[in-house]
Amino acid sequence: MKFFNMFGNSASSWNKRGISLRKQKKYQEALDSFEEALKIDPTSFDALFNKGIVFLLLCRYQEALECYDKALELDPENVDSWFNKGSSLEQLGKFEKALECYDKALELDPENVESWFNKGVVFDKSGKFEKALECNDIALKLDPTYSLALQNRGVILEELKLYEDALKSYDKSLEICSKDGPTWYNKGDLLEKLGRKTEALECYDKAFKLNPELKNLIKSEKQIL
């Protein structure tokens, strides 16, 4: 199949076209463009890397993993490739291998906030809550305004039954990003556990006003609504 490319007909131009299409959420066309780039230059790191991003966005994690394996053969010290490979493995449930990738990313860039955060997420999924909290706190030390890490810190602290500390983390997260529906939901869930049902209702109300799709989740899990 032939495609018209306003950017030109080099591997680089096809890659630029693919990035533009990805930003427009035209994922299949983006993949086609990266394929054209790789036909011209099978060793195009950029095309492999960006093709992997699209596969991640499409939740096609095995195909994303294959892209990053190839990309790392070309550039074994690329931090973002190690991170994305780790993300692919994490989504495939291969937690130990994911941790190895995040560790490699951190070996290359010890202050890579996202790698510390994702490493914490993997430990959390594995039930290793103390290690999860340690990694999450390093991410927050590097970026105190990382609202997602503050939200995740609250989740981990809940699992450790440190409820008041968890509540403080949710509050800090909401100070930074007051329009985050899932954080309002988590705060409401915690307040209900603490027997503060009126406040919980207020949080649930804010949660589904910001994210209407949460309403079904709340209705299915909570009777207080």
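The values are calculated or read from the model by the stated rules, or taken from the named source; none is laboratory data. Treat the numbers as computed from the prediction; the structure is a model and nothing was measured. All Cβ positions, glycine included, derive from the backbone under ideal geometry; neighbour counts span all protein chains shown.
Among the residues of the range 34-44, are any free of Cβ contacts under 8 Å to residues at least 60 places away in the same chain and closer than 30 Å to Leu150 by Cα? Within the range 34-44, not a single residue is free of Cβ contacts under 8 Å to residues at least 60 places away in the same chain and closer than 30 Å to Leu150 by Cα.
From the list Glu29, Glu96, Glu63, which one is at pLDDT 95 or above and loosely packed, with under 14 Cβ neighbours inside 10 Å? Being at pLDDT 95 or above and loosely packed, with under 14 Cβ neighbours inside 10 Å holds for just one of Glu29, Glu96, Glu63, which is Glu96.
Return yes when Lys39 is among the basic types (Lys, Arg), part of a helix (DSSP H, G or I) and touching a helix residue (DSSP H, G or I) at 6+ places or on another chain (Cβ under 7 Å) and no when it is not. Here the answer is no, as Lys39 does not meet what is asked. Pairs are defined by a Cβ separation below 6 Å, a sequence spacing of at least 6 or placement on different chains, a first member in the range 47-69 that is over 17 Å from Lys97 (Cβ atoms), and a second member that is polar (S, T, N, Q); the pairs so defined are Ala47/Asn15. Scan Lys97, Lys85 and give me the residue that is touching a Leu at 6+ places or on another chain (Cβ under 9 Å), assigned to a helix (DSSP H, G or I) and without any contact (Cβ under 8 Å) to a residue 12 or more places away in the chain. Result of the check over Lys97, Lys85: Lys97.
Just one of the listed residues (Gly52, Gly18) is over 23 Å from Asp109 (Cβ atoms), modelled with pLDDT of 95 or more and either more than 22 Å from the chain's Cα centre (by Cα) or small (Gly, Ala, Ser) (or both), namely Gly18. Whenever a residue of the range 135-159 is closer than 15 Å to Glu114 by Cβ, its partners that are charged (D, E, K, R) and buried (at least 24 other Cβ atoms within 10 Å of the Cβ), lying with C-beta atoms within less than 6 angstrom and at least six residues away or across chains, give the pairs Cys135/Lys119; Asn136/Arg153.
The residues of the range 173-191 that are surrounded by 18 or more Cβ atoms within 10 Å (Cβ to Cβ) and over 20 Å from the mean Cα position of the chain (by Cα), listed by number, are Lys187, Gly188, Asp189, Leu190, Leu191. Taking helices (runs of 4 or more DSSP H) as the structural unit, those lying wholly within the range 104-195 and holding at least 2 residues that are within 19 Å of Phe83 (Cα to Cα) and β-branched (Val, Ile, Thr) correspond to 113-125. Total residues in the range 66-104 satisfying the condition of being farther than 19 Å from Ser126 by Cα and of a type in the set (Phe, Trp, Tyr): the figure is 2. Pairing residues of the range 111-123 that are more than 12 Å from Arg153 (Cα to Cα) and without any contact (Cβ under 8 Å) to a residue 40 or more places away in the chain with residues that are part of a helix (DSSP H, G or I) and acidic (Asp, Glu), at Cβ distances under 6 Å and at least 6 apart in sequence or on separate chains, gives Val122/Glu90.
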